[in-house]
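The values are calculated or read from the model by the stated rules, or taken from the named source; none is laboratory data. Just so it is clear, the structure is predicted and the values come from calculations on it, not from any experiment. We place every Cβ from the backbone using ideal geometry, glycine too, and count neighbours over all the protein chains shown. Accessible surface areas use protein heavy atoms only, side chains included; no ligands, DNA or RNA. Shrake-Rupley method; radii C 1.70, N 1.55, O 1.52, S 1.80 Å.
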Amino acid sequence: MASYKLSEAAGLSAIPVAGVFIDKYMKEANGTYVKVYLYGLRLCYAVGAKPGNAEIAEALDILETDVVRAWKYWQSKGIVFIDEEGSIEFADLTMEMPSKKKTVTKPQYNAEELAAAVSEDSQMAVLLDYAQNIFGRTLSRNDISKLYGFYDWLKLPVEVIMMLLEHCATLEKCHMSYAEKIAIAWAEQGVDTIEKAESHLKNADKKAKLSRKYKRMLGITGRDLSESEYAHILQWTEEMGFMPELIKMAYEKAVLATGHASFPYINAILKSWHTQNIKTVADVAKDTAPTAIPAPRKAKTNKFLNYQQTAVYDFDAIERRALEKRIKEYG
């Protein structure tokens, strides 16, 4: 039989349902989980009562697996603790939260739990059938455990999990380990509705297309763009409004100067162009065209530099006079 107790309980005769539970935890939780929590909290004050999950399920007219899922859910929220013997310890939310909050780790489901989940929960059964159809194969027990974790542990709605699986299939990554990474990320980012999932996937698709395009343009191979590199590309294309050919020109200048695609150097060039309102290739050519050759500096005044030739010379006559002079001298 499980036991129920409060952390640092003061032995109150009433059942204190803390305002923080109602304001924060209750409104986010499944109704069945709330019933289990409140019933368990009541047992903390029932002297000598030591019912197990089966008795709680019977009292609340729900499945025993629902009781187990409820305790795991509240443990994930840090307001109940489950020890190795299965006893439930409640944090007294009317007092300061205890410092011994346990780290929540991914649950491991055994074969019986998975079989019960599929046979007793119609949504999980539909989800399993959908996953096997879209992945084109029968899922292993390990795969089913991961899939059930999306639903039970991460609390993602079935329709959101379906969208996630479709996304994996579109990317031709039909393996549950990849899907699990996405599911954990979505849960952490609060992607828990169809609308949020659609927006998230739209942004992810945009990022993938931009990344492929600019990786080719900037000669980047064998790795993905870093978050800062992608942020630079968004700045250049959306904030500064540069066309790809301008970004390529900045890249070529950066390579000439640094020998590689230096994002800070490219960014410096584009910032300079943006400041100068340079928007086209023609603008760049105009800005970088050689300036007109300046007029020669005025030389210092002297009689030779100031002399200006004004006479017109007859070079044939000069040559003829020189010849006559030589004949006269030498006979």
Report summary line: When region 210-224 is checked residue by residue, the ones that are on the phi < 0 side of the Ramachandran plot, open to solvent by 50 Å² or more (accessible area, probe 1.4 Å), without any contact (Cβ under 8 Å) to a residue 24 or more places away in the chain and not hydroxyl-bearing (Ser, Thr, Tyr) are Arg212, Arg216, Arg223, Asp224
Query raised in the report: Taking Glu227, is it at pLDDT 90 or above and loosely packed, with under 12 Cβ neighbours inside 10 Å?
Result: no
Query - Output for region 55-85, where each listed residue is farther than 15 Å from Met26 by Cα, small (Gly, Ala, Ser) and open to solvent by 30 Å² or more (accessible area, probe 1.4 Å) - result: Ala59
Query raised in the report: What is the number of the single condition among (1) in contact with a helix residue (DSSP H, G or I) (Cβ under 8 Å, 6 or more places away or on another chain); (2) open to solvent by 50 Å² or more (accessible area, probe 1.4 Å); (3) more than 19 Å from Tyr251 (Cα to Cα); (4) in a helix (DSSP H, G or I) that Lys155 does not meet?
Result: (4)
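Looking only at residues in region 17-29 that are assigned to a loop (DSSP other than H, G, I, E, B) and more than 21 Å from Ser87 (Cα to Cα), which one is modelled with the highest pLDDT?
Step by step, filter region 17-29, then rank; the result is Ala29.
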Report task. With the checklist (1) of a type outside the set (Lys, Arg); (2) under 21 Å from Tyr33 (Cα atoms); (3) modelled with pLDDT under 90 in hand, flag the one item Ser99 doesn't pass. Result -> (2)
Report task. Please enumerate the residues belonging to region 168-209 that are open to solvent by 60 Å² or more (accessible area, probe 1.4 Å), of a type in the set (A, V, I, L, M, F, W, C) and either under 13 Å from the mean Cα position of the chain (by Cα) or within 20 Å of Asp224 (Cα to Cα) (or both). Result -> Leu171
Report task. State which residue pairs qualify: first residue in contact (Cβ under 8 Å) with a residue 40 or more places away in the chain and inside region 157-183, second residue open to solvent by 60 Å² or more (accessible area, probe 1.4 Å) and not in a helix (DSSP H, G or I) in any location, beta carbons under 7 Å apart, and separation of 6 or more residues or different chains. Result -> Cys174/Gly136
Query raised in the report: Does region 30-45 contain any residue that is part of a loop (DSSP other than H, G, I, E, B), modelled with pLDDT of 85 or more, closer than 26 Å to Ile184 by Cβ and in contact with a Phe, Trp or Tyr (Cβ under 8 Å, 6 or more places away or on another chain)?
Result: yes
Query raised in the report: If you take the residues of region 231-256 that are open to solvent by less than 40 Å² (accessible area, probe 1.4 Å) and among the β-branched types (Val, Ile, Thr), which of them is farthest from Thr280 (Cα to Cα)?
Result: Ile233
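Go through the residues of region 208-221 one by one and say whether even a single one is farther than 26 Å from Phe263 by Cβ and part of a helix (DSSP H, G or I).
No, every residue in region 208-221 fails to be farther than 26 Å from Phe263 by Cβ and part of a helix (DSSP H, G or I).
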Requested in this report: Give the residues of region 257-284 that are open to solvent by less than 40 Å² (accessible area, probe 1.4 Å) and within 27 Å of Asp205 (Cα to Cα), sorted by residue number.
Outcome: Ala261, Ser262, Phe263, Ile266, Asn267, Leu270
Report summary line: Filter region 135-150 for residues that are open to solvent by 40 Å² or more (accessible area, probe 1.4 Å) and in a helix (DSSP H, G or I); the one that is farthest from Leu114 (Cα to Cα) is Asn142
Query raised in the report: Do we find that Ala292 is modelled with pLDDT under 85 and in contact with a Leu (Cβ under 8 Å, 6 or more places away or on another chain) in this structure?
Result: no
Query raised in the report: Does region 269-280 include one or more residues that are assigned to a helix (DSSP H, G or I), without any contact (Cβ under 8 Å) to a residue 24 or more places away in the chain and over 20 Å from Leu210 (Cβ atoms)?
Result: yes
Requested in this report: From (1) more than 30 Å from Gln132 (Cβ to Cβ); (2) of a type outside the set (A, V, I, L, M, F, W, C); (3) not in a helix (DSSP H, G or I), pick out the condition that doesn't hold for Lys248.
Outcome: (3)
